[in-house]
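The values are calculated or read from the model by the stated rules, or taken from the named source; none is laboratory data. Remember, predicted model here, so these are calculated numbers, not experimental data. So basically every Cβ, Gly included, is an ideal-geometry build from the backbone, and we count neighbours across all protein chains shown. Keep in mind that these areas ignore ligands, DNA and RNA; they rest on the heavy atoms of the full protein, side chains included. Shrake-Rupley method; radii C 1.70, N 1.55, O 1.52, S 1.80 Å.
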Amino acid sequence: MRVITGTARGRRLVTVEGTEVVRPTTDGVKEAIFSAIQFEIEGRTVLDLFAGSGQLGIEALSRGAKEAYFIDSAAVSIRAVKENLRSTGLEENARVVNMPFSAFLKSTRAVFDIAILDPPYNYKIIQKALPHLVEKMSENGVIICEHEKECVLPRETGRFEIAKQLRHSRTTVTIYRPKQALFDEGKEPE
C-alpha cells in the first residue's frame, strides 16, 4: 500500500494486521476515488471517517488538502494512522481521533468539504452514518462511500443525492453531492 501522488508520492504505508474487518482500499479504487475529485481537494477539509490505516486521508493531504480528520474506534488503527502520518511527514495538518463514528459526528463542530467513508463491509455502517454526516458537510461538500457491490445505499440523504457510482470488481464507490449543485450544473446522476 502506497501514496499514489502528491508530496508523499510513492511512500509506503503500514496496514492494520490481524483483523478481518480492516480491508485496505486497492490502488485502483483509490485512483478512481481521487480522479473523481481531483480538482476539489486542494485547500479543503477532509474527513476519513473509518480511517483504518489512514491511507485515504493521507492521499488527500498529499494532494493538497488543508487538513484531514482521521476517525477510528480501534486503537490498532489509530496507531497505524499515526505511524503513516509520521512517515509521510503529513502529521501537522492531521487530527487523529480514537472514537466511535457516531460519537464523533454528534460531538464535532468541524465542517467538512470532503468526507470519505470506507467502513468494514457487511455491517450497514454507512447507512447509519450518513444521516449524521450530512449535517457536518459544507455547502458544496462531497461524500464518498466505498462499499461492497451488494450494499444498497439510499438515493438521497438529507440535501445530498447520488451523483455517480463507480464499480470495481467487488467494490462500489458511491459519490453524493448536494442536490442543488447537480441541478445548477444541469447534470443527471450517472
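Observations on the model:
- Residue that is most open to solvent (accessible area, probe 1.4 Å), among those in the range 107-134 that are modelled with pLDDT of 95 or more and of a type in the set (D, E, K, R): Arg109
- Tabulated pairs, the range 33-46, first without any contact (Cβ under 8 Å) to a residue 40 or more places away in the chain, second among the basic types (Lys, Arg) and crowded, with 20+ Cβ neighbours inside 10 Å, C-beta under 7 angstrom, 6+ apart or interchain: Phe34/Arg63
- Verdict on Ser87 being over 15 Å from Ile144 (Cβ atoms), in a helix (DSSP H, G or I) and open to solvent by 10 Å² or more (accessible area, probe 1.4 Å): yes
- Evaluated against (1) closer than 19 Å to Asn140 by Cβ; (2) assigned to a loop (DSSP other than H, G, I, E, B); (3) of a type in the set (A, V, I, L, M, F, W, C), Ala51 falls short on exactly one condition, (1).
- Count of the range 86-110 residues, restricted to those that are in contact (Cβ under 8 Å) with a residue 12 or more places away in the chain, over 17 Å from Gly52 (Cβ atoms) and small (Gly, Ala, Ser), is 3.
- Cβ pairs under 9 Å, 6+ apart, first in the range 60-72 and within 24 Å of Pro120 (Cα to Cα), second open to solvent by less than 20 Å² (accessible area, probe 1.4 Å) and among the charged types (D, E, K, R): Ala60/Asp48; Ala68/Asp48; Tyr69/Asp48; Phe70/Asp48; Ile71/Asp48; Asp72/Asp48
- Scanning the range 10-28 for residues that are at pLDDT 85 or above and assigned to a loop (DSSP other than H, G, I, E, B) yields Arg11, Leu13, Val14, Thr15.
- Residue tally, condition of a type outside the set (Val, Ile, Thr) and touching a Phe, Trp or Tyr at 6+ places or on another chain (Cβ under 8 Å), over the range 109-127: 6
- Here Val81 fulfils each of the conditions (1) open to solvent by 40 Å² or more (accessible area, probe 1.4 Å); (2) at pLDDT 95 or above; (3) assigned to a helix (DSSP H, G or I) apart from (1).
- Complete set of residues in the range 51-74 that are among the charged types (D, E, K, R) and open to solvent by less than 10 Å² (accessible area, probe 1.4 Å): Glu59
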